[in-house]
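The values are calculated or read from the model by the stated rules, or taken from the named source; none is laboratory data. All values derive from a computational prediction rather than experimental measurement. Backbone-built Cβ (ideal geometry, glycine too); neighbour counts: all protein chains shown.
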């Protein structure tokens with residue numbers, strides 16, 4: 001049997017793949033990724049030569065390509081692949097609707113035809129929209145997405161639930177708060193701030209910087225995903241949070257303190273259109289039912305993340321310059 005991962009060359013997907021191959025060295029894992037700008041094979045160097053690992057370049061919107069790559073009777077499909085950057089969705093929503101909505105339906109159709117045992121859909125806390133202070137987004141809270149990205153992910157969730165209800169698919173949804181850690185593409189807040197700070201360049205802060213986000217280290221998130229694959233109940237949704245909701249401005253100040261850099265690098269810029277004020281997920285359900293708890297504190301995780309980016313300047317340089325794309329453009333074409 002095998003596990004089939006979409007988007008496994010991205011930030012969270014590659015962490016999941018590396019961990020899974022290390023923990024399950026005898027179980028075949030197929031990584032199906034289109035290698036868009038955020039897909040980076042450098043993230044997978046440590047597993048590339050593993051006998052149980054296979055990479056297939058392909059588009060989740062291409063049903064024939066998905067079907068050709070996915071073995072019959074997979075133990076699980078873990079569906080990470082998505083357009084995920086809010087700013088990009090504001091500039092153009094079409095790619096988000098195509099990948100996140102149509103692509104998810106293609107994955108569901110192929111998985112059902114292939115007799116997949118479990119379909120795990122990776123969603124986001126952003127489908128709940130902005131949460132008022134002192135409130136927490138629960139699994140049964142209404143969906144109120146605010147950005148084109150969040151709206152496309154909410155639509156994908158509805159398709160997953162429809163497949164479970166109509167066809168009896170064993171489908172499970174997870175919604176995760178903001179991930180951070182190694183190998184994150186430099187357009188995201190923490191790696192962007194880190195890269196700029198290491199070069200003593202200004203760090204952009206949207207608006208007043210008081211937007212609250214709940215932060216979870218990517219390794220903790222992937223540990224929760226493994227719990228859901230192994231023990232989650234069919235048809236259920238599980239929230240995965242780090243229990244570290246802090247304003248962006250505070251997060252950046254803590255990051256600069258770890259680096260020994262001055263707060264003067266923080267530069268306020270015009271706020272993002274429709275910027276949600278607060279995300280915070282109630283993850284008591286996964287703690288209660290599956291026994292998962294985050295293990296990496298925010299301060300510990302930030303120190304480890306700073307150390308990784310400081311020690312891996314070649315990866316940062318290749319990611320920021322686009323050099324990482326040259327290899328697979330030679331091998332797979334542009």
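Check region 69-86 and report whether any residue there is part of a helix (DSSP H, G or I) and either modelled with pLDDT of 95 or more or touching a strand residue (DSSP E or B) at 6+ places or on another chain (Cβ under 8 Å) (or both).
Of the residues in region 69-86, the ones part of a helix (DSSP H, G or I) are 69, 86.
Now narrow it down to the ones that are either modelled with pLDDT of 95 or more or touching a strand residue (DSSP E or B) at 6+ places or on another chain (Cβ under 8 Å) (or both): 69.
Yes: region 69-86 contains one or more residues that are part of a helix (DSSP H, G or I) and either modelled with pLDDT of 95 or more or touching a strand residue (DSSP E or B) at 6+ places or on another chain (Cβ under 8 Å) (or both).
Would you be able to say whether some residue in region 152-171 is over 19 Å from residue 235 (Cβ atoms) and either crowded, with 18+ Cβ neighbours inside 10 Å or at pLDDT 95 or above (or both)? Lay out the reasoning, then the answer.
The initial filter retains those residues of region 152-171 that are over 19 Å from residue 235 (Cβ atoms), namely 152.
Right, trim to either crowded, with 18+ Cβ neighbours inside 10 Å or at pLDDT 95 or above (or both) and you get 152.
Scanning region 152-171 turns up at least one residue that is over 19 Å from residue 235 (Cβ atoms) and either crowded, with 18+ Cβ neighbours inside 10 Å or at pLDDT 95 or above (or both).
Got at least one residue in region 143-154 being in contact with a helix residue (DSSP H, G or I) (Cβ under 6 Å, 6 or more places away or on another chain), under 30 Å from residue 244 (Cα atoms), in a loop (DSSP other than H, G, I, E, B) and touching a residue at least 60 places away in the same chain (Cβ under 8 Å)?
The answer is yes, given that some residue of region 143-154 is in contact with a helix residue (DSSP H, G or I) (Cβ under 6 Å, 6 or more places away or on another chain), under 30 Å from residue 244 (Cα atoms), in a loop (DSSP other than H, G, I, E, B) and touching a residue at least 60 places away in the same chain (Cβ under 8 Å).
Considering only residues of region 6-28 that are in contact with a helix residue (DSSP H, G or I) (Cβ under 6 Å, 6 or more places away or on another chain) and more than 23 Å from residue 322 (Cβ to Cβ), which is surrounded by the most Cβ atoms within 10 Å (Cβ to Cβ)?
Among residues in region 6-28 that are in contact with a helix residue (DSSP H, G or I) (Cβ under 6 Å, 6 or more places away or on another chain) and more than 23 Å from residue 322 (Cβ to Cβ), the one surrounded by the most Cβ atoms within 10 Å (Cβ to Cβ) is 16.
How about region 225-234: which of its residues are outside any helix (DSSP H, G or I) and in contact with a strand residue (DSSP E or B) (Cβ under 6 Å, 6 or more places away or on another chain)? Full working, then the answer.
Filtering region 225-234 for residues outside any helix (DSSP H, G or I) gives 232-234.
Answer for region 225-234, where residues must be outside any helix (DSSP H, G or I) and in contact with a strand residue (DSSP E or B) (Cβ under 6 Å, 6 or more places away or on another chain): just 232.
Answer with yes or no whether residue 269 is in contact (Cβ under 8 Å) with a residue 40 or more places away in the chain, surrounded by 15 or more Cβ atoms within 10 Å (Cβ to Cβ) and within 29 Å of residue 198 (Cβ to Cβ). Please lay out each step first, then the result.
Working: in contact (Cβ under 8 Å) with a residue 40 or more places away in the chain: yes; surrounded by 15 or more Cβ atoms within 10 Å (Cβ to Cβ): no; within 29 Å of residue 198 (Cβ to Cβ): yes.
The answer is no for residue 269.
Kindly list, by first and then second residue, each pair from a residue in region 28-49 that is more than 23 Å from residue 75 (Cβ to Cβ) to a residue that is part of a strand (DSSP E or B) and at pLDDT below 95, limited to pairs with Cβ atoms under 9 Å and residues at least 6 apart or on different chains.
Close Cβ pairs (under 9 Å, with a partner that is part of a strand (DSSP E or B) and at pLDDT below 95) do not exist here.
Can you tell me which residue within region 235-247, out of those that are outside any strand (DSSP E or B) and in contact with a helix residue (DSSP H, G or I) (Cβ under 7 Å, 6 or more places away or on another chain), is farthest from residue 300 (Cα to Cα)?
Going residue by residue through region 235-247, those that are outside any strand (DSSP E or B) are 235-236, 241-244.
If we keep only those that are in contact with a helix residue (DSSP H, G or I) (Cβ under 7 Å, 6 or more places away or on another chain) as well, we get 235, 242, 244.
Values: 235: 34, 242: 12, 244: 12 Å.
Looking at residues that are outside any strand (DSSP E or B) and in contact with a helix residue (DSSP H, G or I) (Cβ under 7 Å, 6 or more places away or on another chain), I get 235.
Only one of these is at pLDDT 95 or above and either over 21 Å from residue 139 (Cβ atoms) or within 12 Å of the chain's Cα centre (by Cα) (or both): 186, 202. Name it. Quick ask: steps written out before the conclusion?
Values: 186 fails: at pLDDT 95 or above.
Within the list 186, 202, the selection yields 202.
Select from region 111-130 the residues that are surrounded by 23 or more Cβ atoms within 10 Å (Cβ to Cβ) and under 15 Å from residue 274 (Cβ atoms) and write down the one among them that is nearest to the chain's Cα centre (by Cα).
Here the answer is 126.
Looking only at region 181-208, which residues are on the phi > 0 side of the Ramachandran plot, out of contact with any strand residue (DSSP E or B) (no Cβ under 6 Å at 6 or more places or on another chain) and crowded, with 18+ Cβ neighbours inside 10 Å?
Selection gives 183 alone.
Working only within region 271-290, note down all residues that are over 22 Å from the mean Cα position of the chain (by Cα) and modelled with pLDDT of 95 or more.
288, 289 - these are the residues of region 271-290 that are over 22 Å from the mean Cα position of the chain (by Cα) and modelled with pLDDT of 95 or more.
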